[in-house]
1. Could you give the accessible area per residue of the range A:178-264, probe 1.4 Å, as a whole number in Å²?
2. What does the charge add up to near residue A:139, with Lys and Arg as +1, Asp and Glu as -1, over the other residues with Cβ less than 10 Å from its Cβ?
3. Are there residues in the range B:150-166 whose accessible area shrinks by at least 10 Å² when all protein chains are included rather than the chain by itself, and which are they (probe 1.4 Å, ligands and nucleic acids not counted)?
4. Per-residue Cβ counts within 10 Å, from other chains only, averaged over A:95-103: what number is that?
5. Working from Cα positions, state the angle (0 to 90°, nearest 10) between the long axis of helix A:37-53 and the longest principal axis of chain A.
6. Determine the distance separating the Cα centre of the range A:342-382 from the Cα centre of the range A:242-286; give it in Å without decimals.
7. Please list, or write none, the lysines whose alpha carbon is within less than 19 Å of the alpha carbon of residue A:343, excluding same-chain residues fewer than 8 places away.
8. Taking all protein chains as present, what is the carbon and sulfur share of the accessible area of the range A:255-368, in % to the nearest whole number, probe 1.4 Å?
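The values are calculated or read from the model by the stated rules, or taken from the named source; none is laboratory data. Being a predicted model, the structure only gives us computed values, none of them experimental. Cβ placement follows ideal geometry from the backbone for every residue including glycine, while neighbour counts extend to all protein chains displayed. SASA here: full protein model, heavy atoms, side chains in, ligands and nucleic acids out. Shrake-Rupley method; radii C 1.70, N 1.55, O 1.52, S 1.80 Å.
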Amino acid sequence: MVHFKTGALALTAALLMSGSAIAQQRTLVFNTDTSDPAPKAAFDQLIADFEAENPDVDVVVNMFDHEGYKTAIRNFLTADSPDLANWYAGNRMAPFVNAGQFQDVTDVWEANGLGEALGSAKASMTIDGKQWGVPYTYYQWGIYYNKDVYKAAGVTEPKTWDEFIANCAVFKAAGIDCLTTGSSALWPVAGIFDYLDMRTNGYEFHMDLTAGKIAWTDDRVKAVFAEWAKLVEPGYVTENHAAIDWQDAAALLVQGKAANYVMGNFAVATFKEGGMTNDNLGFMVFPEITPGLPRAEEAPTDTIHIPAGAKNVADAKLFLAFVARADVQTKMNGILGQLPTNKNATVDETDPFLSAGFAELSSAYALAQFFDRDAPAEMAKAGMEGFQEFMVHPDRLDAILERLEKVRAQAY
Amino acid sequence: MQAYWKRSQRKLAPWLFLAPGLAMFALYVIIPIFQSMAISFYDWDGLGEKIWIGTANYVELIDDDAFYTSLKNNVIWLVLYLLAVPAGLMIAIFLNQTVWGIRAYKSLFFFPFVISQVVVGLMFSWFYAPNFGLFYKLIETVTGDGVAILADERFVTYGIIVAGLWPQIAYVMILYLTGLNNVAPDQVEAARLDGAKGWRMLWYVILPQLRPATFIAVVVTVIGALRSFDLVSIMTNGGPYGSSRVLSFYMYEQALSEYGYRMGYGAAIAVVLFAIMMVFISGFIWKMWRDETER
């Protein structure tokens with residue numbers, strides 16, 4: 001609530017200021033959650049460039065705290081709409097689209113050929129055959145590992161899931177957590193589930209499951225947990241993961257107490273702050289489980305939308321077209337340290353993680369958003385709690401799946 | 001008009017003075033209660049259309065494991081939180097002496113009540129933290145195997161209640177310290193002459209005089225236990241896998257958290273919590289009413 005209040009205060013202040021601005025300058029109000037240092041720098045640059053290209057438009061930014069924004073957006077969309085707002089792709093934008101709070105921007109896509117340039121992210125921006133916003137960045141998920149630990153244990157990077165499990169036995173014998181995670185905020189375990197499901201059953205099955213078309217008690221879902229049990233039952237996962245945050249688990253990897261971590265690319269900054277370098281931090285694509293399945297990856301996408309109540313729609317569309325451009329995305333994602341969604345954009349080749357991620361995603365068969373963006377909120381919450389419980393009590397699997405099935409009947 | 005005012009001035013004046021408070025109370029407390037009740041019959045995400053679904057939210061609640069976990073935890077909270085009353089009394093009696101520097105000791109004991117619940121929660125989560133927490137290390141040294149209190153469904157609620165008791169005991173202690181100031185010294189003197197001391201003195205002479213303080217202490221503790229929210233939110237966020245939820249936290253989770261926005265369901269939980277609170281509150285009010293009229 002505090003965050004919302006400061007946000008609302010900023011908003012009122014911004015509106016007061018815009019009232020007194022010079023008449024021929026058109027204002028574009030932009031509400032963002034980019035309060036973290038890198039995103040803030042990237043957006044400052046983006047907006048400065050846009051204003052340089054469009055000197056008659058004045059972009060007024062209302063910066064919200066990243067977490068507080070998730071509550072604030074529901075208030076400002078209905079009460080005092082900006083012209084542009086940050087949000088996320090996939091099912092996370094569905095409530096706003098269905099409630100008529102976001103504008104259809106299909107014309108921006110068509111006029112600028114974005115269906116082609118932003119092809120990999122198009123599906124996640126589409127509801128009812130229309131596009132509802134423009135993606136500007138995404139990042140890959142995969143397994144980050146400590147090369148020094150691998151060397152000390154005498155194992156090599158696994159090519160298959162069986163090799164990965166075999167490595168775990170070696171790490172266990174050496175007193176090292178094969179896989180670490182910090183599930184106190186729940187979402188890190190969803191990444192593990194997504195990958196196990198996409199590698200065991202494939203992308204289409206995973207999408208059907210998160211869309212509520214498949215029962216959680218289905219044998220194919222149980223097969224996913226059977227693979228997961230290979231990690232959990234022998235104790236290959238960090239023991240007290242439910243009590244720690246993802247950053248605490250990252251520290252375990254940095255200290256060499258853990259070998260692998262299923263994470264998103266944003267964690268690289270944390271690993272490096274802990275003292276790791278490109279030499280001893282490794283990245284690999286999650287290994288194959290069912291042979292021959294087309295490889296799908298997680299790539300959560302961040303987006304910009306035009307709220308239904310926007311006052312300056314013409315300039316807002318101009319801004320969306322601008323942010324979709326290859327050169328703009330190249331520059332912006334260079335600062336963000338993430339991947340551009342425009343396929344004609346380039347990434348910094350000296351960063352091994354970005355170039356690996358770019359290769360991983362551009363060669364992927366399909367991209368998932370992430371469990372809590374693909375599944376509706378109620379299912380996502382119950383699912384992630386179920387995953388966490390399974391990682392502590394694998395013997396309760398049947399009860400957990402029964403419960404998730406009950407939520408599925410309720411949530412869709 | 002003038003005549004009417006003159007005639008009923010004494011009758012009207014209290015209501016006039018009460019009016020601002022009553023208006024605020026109605027606007028911020030009474031009306032929202034009925035609004036919550038109304039919302040609990042709808043399916044509403046806070047943005048779109050409200051859909052009337054009758055009692056479906058309550059039907060779902062009856063079949064919801066998470067609801068029973070929260071309810072059970074609320075009962076545990078209620079029972080264990082009441083330990084604050086005897087504990088606060090003991091400390092108050094211990095501190096109720098005149099030695100040099102006693103004020104400093106009193107303020108030190110009162111200290112946990114002054115700091116924010118959020119800070120208390122953070123301190124205790126570090127205290128319990130696996131691998132480096134003081135408590136974890138202690139258990140590890142004694143038993144050879146550390147226990148991560150906040151990650152273990154068996155202990156997590158108790159761990160949070162202990163954190164909650166720390167400031168609550170201080171609060172009760174202050175209530176009793178002021179109560180002890182009003183204990184009549186002549187009665188204590190008389191009891192002493194009659195040979196009362198120790199437990200008998202406490203039970204038959206001191207405690208009856210502390211009844212008003214005890215009443216207030218029980219009221220604030222019961223209500224504090226039922227509305228416990230901040231510590232759960234700070235220390236575990238309801239986890240691991242929802243096993244430390246209490247009703248107020250579950251309500252927040254369903255209605256307002258990142259994965260929530262089921263306003264109707266949240267409101268239904270709120271109504272149930274309100275009903276439970278009403279049992280206690282009506283009891284307290286009834287007792288107060290009886291005490292007032294008996295006099």
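1. Ligands and nucleic acids excluded, the figure is 29 Å² per residue.
2. Working: positive: none; negative: A:298, A:302.
So the environment of residue A:139 carries a net charge of -2.
3. B:150, B:151, B:153
4. Numbers: counts 5, 2, 0, 3, 5, 2, 2, 0, 0.
Mean shielding count: 2.
5. 30
6. Between the Cα centre of the range A:342-382 and that of the range A:242-286, the gap is 18 Å.
7. A:122, A:331
8. On the way: 2280 of 4210 Å².
The nonpolar share, carbon plus sulfur, comes to 54 percent.
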